[in-house]
Amino acid sequence: MRSCDILIAAGGFLLAGGLIAKAMGGPSSPGPRYVRPAGRREMSAPPRDWDLVDETGDESFPASDPPGTY
């Protein structure tokens with residue numbers, strides 16, 4: 001048996017196991033997490049230096065796109 005056949009078989013077993021666990025009520029992803037409002041004042045331990053780049057990056061989180069003001 002070639003190594004790629006073993007990898008394909010292992011992936012199939014992992015996929016099937018995950019689907020079975022989900023169908024049986026296994027661990028699921030938790031509900032939505034708390035995301036704090038943007039801004040330095042909202043931080044529990046704000047940094048000493050804070051500029052426009054930091055502010056823009058903080059406002060864009062948790063978006064996957066980078067800030068547009070670079």
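FYI, it's all coordinate maths here, none of it is from the lab. Not measured: the values here are computed from a predicted model. All Cβ positions, even for glycine, are placed from backbone atoms using ideal geometry, and neighbour counts span all protein chains on display.
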Fully extended contour minus Cα-Cα distance, from ALA38 to CYS4, at 0.36 nm per residue | 7.5 nm
Quick calc, PHE61 & ALA21: beta-carbon distance into FRET formula, R0 22 Å, rounding 0.05, result 0.10
